[in-house]
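Visitor: Can you read through this structure? Questions will come right after.
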Amino acid sequence: MPKFSSWLRKNAESYLLLAAQRDVARTHDRPFLASTKGLKGMFFMKLFVPIYRVLPWKLRAFVLHAMPGSHRQTWTARERISKGPAI
């Protein structure tokens, strides 16, 4: 996986998780303790996360599939073998 793609994916996952935790903390009137300071934190929390959240799913999926990485791996479907009823 190219360096930029892996960096973006790792940070996107991390900051999207932090944003979700922040939202849950706000919902329950609890403090949000994680630090999102610094240029990288400001970029992801103030720009990336809000833009990502408003993108339609089809556009998100297109971008994900266009980027190199493990999420592009296709899996072969296993053959289903019926073993009869579960009881």
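Just so it is clear, none of the values below were taken in a lab; they were calculated from the coordinates. Computed from a prediction, not measured in an experiment: that's the story for all the values here. Reconstructed Cβ throughout: ideal geometry from the backbone, glycine too, with neighbour counts over all protein chains shown.
Visitor: For segment 28-48, which residues satisfy the criterion of being under 16 Å from Trp7 (Cβ atoms) and either of a type outside the set (A, V, I, L, M, F, W, C) or touching a helix residue (DSSP H, G or I) at 6+ places or on another chain (Cβ under 8 Å) (or both)?
Guide: The answer is Gly38, Lys40, Gly41, Phe44, Phe48.
Visitor: Right, another one. Hey, any hits in segment 31-51 for a residue that's out of contact with any Ser or Thr (no Cβ under 7 Å at 6 or more places or on another chain), assigned to a helix (DSSP H, G or I) and in contact (Cβ under 8 Å) with a residue 40 or more places away in the chain?
Guide: No, there is no match, as no residue in segment 31-51 is out of contact with any Ser or Thr (no Cβ under 7 Å at 6 or more places or on another chain), assigned to a helix (DSSP H, G or I) and in contact (Cβ under 8 Å) with a residue 40 or more places away in the chain.
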